[in-house]
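Participant: Following this message is one structure expressed as structure tokens.
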Ligand code: CA
């Protein structure tokens, strides 16, 4: 399982990243300042780094310059609160592989993380891990194609991500909050009924018995 180093000092965003990445099948380790991140980033135990730019002790760009300076080739995805073109240019010049401006949806991050990990994953012959199968449903994480009994099903990007969260947590109650975080992002209004609406869409496409409502708690994949 790919191991991701999260370098983020804002607890709410760190928790959002951890939850989302873990429920998408990654192992995560989080540190909240730049000084701690450098030795961890170069020791070779991680497959990718999600690096916030505004960090205590040592900012993200310094972290990036140091780890590249030491020859570490690990993919780095930068997060920044500022949609500043100069930040972006400096980030790429310092050796970032990709860039995401806050606020972002988890889905956007996941696409970038997977794109960066793909060569490494293919090389380690874990290609089978990129297809999730349960019962008669298969979900291909590379092509975003879903099939039921070899019959293709058309899902929107959000429906796909929601189905993936369910399939990674079979038999477990998945809360509305967890779905909101994974599919919509941490800035989404928690009072919204958008999760229920999308569960309705998914049930229509894959069969109503697949997702059970657990009153007061959320949903369970069967
Ligand atoms: Ca920060």
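The values are calculated or read from the model by the stated rules, or taken from the named source; none is laboratory data. Being a predicted model, the structure only gives us computed values, none of them experimental. All Cβ positions, glycine included, derive from the backbone under ideal geometry; neighbour counts span all protein chains shown.
Participant: Taking the stated definitions as given, is residue 213 surrounded by fewer than 15 Cβ atoms within 10 Å (Cβ to Cβ) and more than 22 Å from the chain's Cα centre (by Cα)? Steps first, please.
Facilitator: Values: surrounded by fewer than 15 Cβ atoms within 10 Å (Cβ to Cβ): yes; more than 22 Å from the chain's Cα centre (by Cα): yes.
So residue 213 passes the test.
Participant: Separate question: Is it the case that residue 103 is within 16 Å of the ligand (Cβ to nearest atom), surrounded by fewer than 18 Cβ atoms within 10 Å (Cβ to Cβ) and closer than 19 Å to residue 182 by Cα? Even if it seems obvious, please write down each step before you answer.
Facilitator: Working: within 16 Å of the ligand (Cβ to nearest atom): yes; surrounded by fewer than 18 Cβ atoms within 10 Å (Cβ to Cβ): yes; closer than 19 Å to residue 182 by Cα: yes.
Yes; evaluated as a whole, the condition is true for this residue.
Participant: With segment 109-222 as the region, which strands (runs of 3 or more DSSP E) entirely inside it contain at least 3 residues that are under 29 Å from residue 47 (Cα atoms) and modelled with pLDDT under 90?
Facilitator: Numbers: elements: 131-134, 137-140, 145-148, 151-153, 173-175, 211-214, 218-221.
Because the criterion is at least 3 residues that are under 29 Å from residue 47 (Cα atoms) and modelled with pLDDT under 90, the strands (runs of 3 or more DSSP E) in segment 109-222 that meet it are 131-134.
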